Amino acid sequence: MTDAEKSVVLTETAALLNSLRGVWDEEAVDDLDHALQAATQAVDDGADDELVLAAALHDLAHSPLCDSPDRDRHDVAAQDWLTPRFGTRVGWLAGAHVAAKRFLVATEPGYAAGLSATSVVSLQAQGGPGVDDTLTAHRWWPDALRLRHYDDAAKVVGAPTISIDDVLAVAERVLARR
């Protein structure tokens, strides 16, 4: 990827993040706060840059700028948008966050009780509890579960977060390694 292409990707990513302000998928925080909180959870957990970036951008399909034909399947839309820009792992991790929720509901006692009301409703639309053996056998599956926990914890009004510029710095480091 050329420097000019990297610049375009960073500009697109900044626009996408900024477009999440005022978009409400959850009751407590808008999608920008949710994205930044998820990224902060990942940073605080010592996650690598690719996992931090996937955490920040896992719900990018909620953006009014997202023109994916799979927008209704936001996990697929995230994977489709992220993979060509930031690589297979970033896309795969973001794309697996719905399967990780379904898996945790099916296998972890008490997990479903901690889901937000919105997440409970979306779980049914996503197929309900279930285990996808293809995904759970994947070498990145443990990180997909980590991302899911960041997602679940990223719904707190007023929680401190990293900034959009911090996420873009992570994105720039990921691009530099491509």
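What trypsin sites (Lys or Arg not before Pro) in segment 72-162 are in a loop by DSSP, with at most 14 other Cβ atoms within 10 Å of the Cβ?
139
Counting only Cα atoms, the size of the chain along its three principal axes is 47, 36, 34 Å, in decreasing order. For the chain, what is the charge dipole size about the Cα centre, in debye to the nearest 20, if Lys and Arg each add +1 at the Cβ and Asp and Glu each add -1 at the Cβ? Dipole size: approximately 340 debye. Residues considered: 100, 159, 125. Largest GNM mean-square fluctuation over the chain, using C-alpha springs under 10 Å, is found at 125.
Entry note, the chain: the mean residue ellipticity at 222 nm calculated from DSSP H runs of n ≥ 4, each adding -39500 (n - 2.57), is -19000 deg cm²/dmol after division by the residues and rounding to the nearest 500. Considering only 7, 99, 118, the residue lying farthest towards the positive end of the dipole of the chain is 99, judged by Cα position with unit charges set on Cβ. Once the Cβ-Cβ distance between residue 24 and residue 108 is put in as r, and R0 is 30 Å, what FRET efficiency do you end up with, to the nearest 0.05? That pair, residue 24 with residue 108, gives E of 0.65. A simple spin-label model places the labels of residue 45 and residue 137 2.5 nm from each other, with each point 7 Å out along Cα-to-Cβ.
Coordinate-derived values only; no laboratory data. This structure is a prediction, so every number in the text was calculated from the model and none was measured. Every residue, glycine as well, gets a Cβ built from its backbone with ideal geometry; the counts of neighbours run over all protein chains shown.
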